[in-house]
Amino acid sequence: MEDKTEKKYRPDWHPENAGDEFAVRVVKGSEPGKPEIIKPEIKRRHYEIDDYAEGVLRNDRTILARTITLIESNSSKHQAIAEEVLKRILPFTGKSLRIGITGVPGAGKSTLIEALGLYLIKNGHKVAVLAVDPSSSVTKGSILGDKTRMEKLSREQNCFIRPSPSSGTLGGVTKKSRETILVCEAAGFDVILIETVGVGQSEITVRSMVDFFLLVMIAGAGDELQGIKKGVIEIADALLVNKADGENKKKAEIARAEYSNALHYLQPATPGWKSLAHTCSAVTGEGIPEIWEMINKFKEITSESGFFEMRRKQQSLQWTFDMIEEELKDSFYKHPKIIKILPEIKEKLLQEKILPTTAADELLNLFKE
């Protein structure tokens with residue numbers, strides 16, 4: 001007796017009088033005419049604390065990336081594991097040169113980082129790039145396109161690029177950037193380049209975690225000194241006019257002279273170091289060796305004076321207090337009494353029935369109880 005069910009699910013184009021030797025079958029639930037494709041289940045390997053720590057120390061790229069993801073996680077379970085991993089690798093950190101790079105939009109920061117990174121790798125260095133992309137204030141999402149923009153650099157064996165969304169964090173730097181720096185140092189990267197969003201005076205956050213702070217500018221964009229706030233120039237260890245090539249080279253030299261003149265009247269960001277303006281072309285590579293020579297000179301001078309080490313210690317203190325502030329803020333908004341009364345307080349403020357100072361006092365008193 002013919003199996004009607006089997007016949008029903010055979011494709012219309014099967015050979016006449018075909019039996020079991022006809023290999024193609026269409027099972028129920030699949031598109032007629034196409035065999036079912038069963039994808040094997042891929043199980044992600046579970047890592048223990050020792051696996052993470054040892055993987056980072058031997059520069060295993062997969063574990064390195066997963067460790068940073070663990071650090072960036074808001075899960076309390078992940079944070080506990082990340083803290084233990086950081087404790088294990090801490091003795092192997094602190095041996096890199098940390099360089100913050102920021103600048104006006106369109107200044108060519110990513111192109112400059114790629115050119116500098118390739119130069120450093122060619123000269124025997126291992127480079128980690130922490131590229132922080134702007135996040136949407138609405139969705140908190142970001143493009144994370146730095147690996148696309150740094151195509152040549154991303155293919156280098158001695159380079160590690162980690163794009164991370166800023167998620168609205170002050171200065172365009174993720175909350176976990178400091179921890180990420182430590183992980184990259186433990187993995188053996190001796191130069192850490194941190195590209196930031198470039199959002200103005202809040203770049204002080206970047207200054208608090210790097211040794212050298214480089215501000216990238218461009219020429220021919222109108223009034224040069226109006227292009228960026230004075231506050232950012234004051235915390236820069238050097239100004240760099242990029243795109244000094246072709247017909248723009250002369251304009252770049254004029255801009256460099258203007259910036260140098262402005263820096264002459266400002267107090268240096270680092271005691272014992274005179275901040276100057278320079279030119280370079282990230283496209284042609286002209287000026288790139290001089291930038292690295294300048295940064296090395298900076299490290300030599302500040303190390304001899306003891307300021308290099310002192311700044312690192314001050315940054316550790318700042319890191320501690322920043323974390324306390326973040327934790328207190330988080331605890332405040334998660335407090336049950338605050339959650340309950342906050343909508344009512346907001347409504348009163350919007351209707352101008354209560355002063356902001358009174359509202360703040362009321363909320364803080366509730367939190368203290």
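The values are calculated or read from the model by the stated rules, or taken from the named source; none is laboratory data. Just so we're clear, the structure is a prediction, and the values are computed from it rather than from any experiment. Here Cβ is always computed from backbone atoms with ideal geometry, including for glycine, and neighbour counts include all displayed protein chains.
Overview of results
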{"item": "Hits in the stretch 304-315 - residues which are exposed (fewer than 12 other Cβ atoms within 10 Å of the Cβ) and in a helix (DSSP H, G or I)", "result": "Glu304, Lys313"}
{"item": "Counted residues, the stretch 116-172 - those being aliphatic (A, V, I, L, M), touching a strand residue (DSSP E or B) at 6+ places or on another chain (Cβ under 7 Å), modelled with pLDDT under 95 and not in a strand (DSSP E or B)", "result": "4"}
{"item": "All positions within the stretch 85-96 that are of a type outside the set (Val, Ile, Thr) and either surrounded by fewer than 14 Cβ atoms within 10 Å (Cβ to Cβ) or under 20 Å from the mean Cα position of the chain (by Cα) (or both)", "result": "Leu86, Lys87, Leu90, Pro91, Gly94, Lys95, Ser96"}
{"item": "Boolean, Leu342 is surrounded by 11 or more Cβ atoms within 10 Å (Cβ to Cβ), touching a residue at least 12 places away in the same chain (Cβ under 8 Å), part of a helix (DSSP H, G or I) and outside the structural domain of Lys249 (by TED's automatic domain parsing)", "result": "yes"}
{"item": "The stretch 264-277, residues that are surrounded by fewer than 19 Cβ atoms within 10 Å (Cβ to Cβ) and of a type outside the set (Lys, Arg)", "result": "His264, Tyr265, Leu266, Gln267, Pro268, Ala269, Pro271, Gly272, Trp273, Leu276"}
{"item": "Pair list, Cβ < 9 Å and 6+ apart or interchain, from the stretch 247-264 residues that are under 21 Å from Asp237 (Cβ atoms) to residues that are assigned to a helix (DSSP H, G or I) and of a type in the set (Asp, Glu)", "result": "Ala255/Glu224; Glu258/Glu224; Tyr259/Glu224; Ala262/Glu224"}
{"item": "Selection from the stretch 68-113 of residues that are over 23 Å from Ala186 (Cα atoms) and not in a strand (DSSP E or B)", "result": "Ser75, Ser76, Val104, Pro105, Gly106, Ala107, Gly108, Lys109, Ser110, Thr111, Leu112"}
